[in-house]
């Protein structure tokens, strides 16, 4: 009879442990996973430090120059790409708009053949930016006003170019 109360105590402890693991199991898994990641990163950092400590002065200068040159190149390319992403150039937008006007049968029937652009060109450019009103990115755009003329008559054109080139 001494075994039956003991089984109930063991069963109670096991049931309580299972209940705790069911409740906190995902958090325990995340914690253990985090510990494994921290151990891996610290081991990697320790081995990299040991490798750097064994470098000669000429090796250190070589790798320092190479990594500096590489990081400067990456930053330069990133700056150019970032600038192109937030700005829009007016000349390609004008050329596309003029090409669409020249290719339109309706414009040719109204103005006549040989459609050319005049001297008047006005642009308003807006850079790309984050907008709190739209809660997101607003693409760069350019608003254009220019005149065109054909064989028969001339007109003014208003166009809005949007997007990233």
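Tabulated data for the structure shown
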{"quantity": "The listed residue being surrounded by 14 or more Cβ atoms within 10 Å (Cβ to Cβ) and assigned by TED's automatic domain parsing to the domain that holds residue 157, out of 104, 131, 109, 117", "calculated": "117"}
{"quantity": "Odd one out for residue 80, checked against (1) more than 30 Å from residue 129 (Cβ to Cβ); (2) not assigned by TED's automatic domain parsing to the domain that holds residue 145", "calculated": "(1)"}
{"quantity": "Residue satisfying condition, being over 28 Å from the mean Cα position of the chain (by Cα), on the phi < 0 side of the Ramachandran plot, without any contact (Cβ under 8 Å) to a residue 40 or more places away in the chain and assigned to a loop (DSSP other than H, G, I, E, B), within set 122, 113", "calculated": "113"}
{"quantity": "Any hit, the range 17-34, residues being surrounded by 10 or more Cβ atoms within 10 Å (Cβ to Cβ), modelled with pLDDT of 85 or more, in contact with a helix residue (DSSP H, G or I) (Cβ under 8 Å, 6 or more places away or on another chain) and not assigned by TED's automatic domain parsing to the domain that holds residue 142", "calculated": "no"}
{"quantity": "Tally of residues being free of Cβ contacts under 8 Å to residues at least 12 places away in the same chain, under 16 Å from the mean Cα position of the chain (by Cα) and in a loop (DSSP other than H, G, I, E, B) across the range 72-110", "calculated": "0"}
{"quantity": "Some residue of the range 143-151 being at pLDDT below 80, over 38 Å from the mean Cα position of the chain (by Cα), within 19 Å of residue 103 (Cβ to Cβ) and not in a loop (DSSP other than H, G, I, E, B)", "calculated": "no"}
{"quantity": "Selection from the range 83-120 of residues that are modelled with pLDDT under 80 and within 12 Å of residue 144 (Cα to Cα)", "calculated": "120"}
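Per-residue answers, yes or no, for (1) closer than 30 Å to residue 128 by Cβ; (2) touching a strand residue (DSSP E or B) at 6+ places or on another chain (Cβ under 7 Å):
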{"position": "22", "(1), (2)": "no, no"}
{"position": "34", "(1), (2)": "no, no"}
{"position": "68", "(1), (2)": "no, no"}
{"position": "75", "(1), (2)": "yes, no"}
{"position": "88", "(1), (2)": "yes, yes"}
{"position": "95", "(1), (2)": "yes, no"}
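The values are calculated or read from the model by the stated rules, or taken from the named source; none is laboratory data. Please read all numbers here as calculations on a predicted model, not as lab measurements. Heads up, the Cβs are rebuilt from the backbone with ideal geometry, glycines too, and the neighbour counts pull from every protein chain shown.
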